[in-house]
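Quick note: the coordinates plus some simple rules give every number you see, no bench work behind them. All figures in this text were calculated on a predicted structure; none of them were measured in a lab.
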Amino acid sequence: MKSVFVTVGTTSFDDLIACVSAHDSLQIIKSLGYNRLVLQIGRGKVVPEPFSTESFTLDVYRYKDSLKEDLQKADLVISHAGAGSCLETLEKRKPLVVVINEKLMNNHQLELAKQLHKDGHLFYCTCRYTGDHYLTSCLNSALAILTHLPNPPVSFL
């Protein structure tokens with residue numbers, strides 16, 4: 001089963017969760033061959049309804065003691081821009097799309113994402129332009145080109 005894991009850490013990032021769980025995004029995720037989407041939604045107010053069909057499963061939870069198992073099973077990770085989440089994902093050598101929540105961030109998140117992107121380790125986008133359309137477009141572009149990053153994820157430990 002090919003899986004996408006989305007994590008927001010201990011924060012909330014309703015724009016990201018709403019975007020990746022929207023019908024259009026689910027269709028794109030499916031068209032790219034993924035048949036499972038796991039959402040770790042933290043303390044967010046957007047709580048998509050889990051479902052399972054013959055060809056696709058959506059799982060949703062707030063917190064777990066460890067994300068290790070979800071990261072290990074994931075074929076692709078979409079994450080908030082927390083340094084711990086980024087580095088843990090890259091350490092596991094997983095393809096990573098980082099979405100920066102500018103409502104919560106200090107510039108260090110954007111700086112980290114820009115540098116890791118420049119080094120060829122991830123793709124990033126922001127929610128600077130509010131609304132689902134920008135973020136959906138950004139994530140769709142990221143998913144389409146992610147496999148063409150010049151360098152594979154590396155271990156930082």
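Observations
- Once backbone amide H atoms are built at 1.01 Å from N, Ile100 has Cys125, Thr126, Cys127 as its partners under 5 Å, excluding neighbours fewer than 5 places away on the same chain.
- In a fully extended conformation the segment linking Ala83 and Met1 would gain 26.7 nm over its present Cα-Cα distance, using 0.36 nm per residue.
- For Ile78, distant residues with modelled amide H under 5 Å away: Phe5, Val6, Thr7, Val97
- Over 24 Å between alpha carbons, listed pairs Lys45/Lys103; Lys73/Lys114; Lys30/Lys118; Lys30/Lys73; Lys30/Lys114: Lys73/Lys114; Lys30/Lys118; Lys30/Lys114
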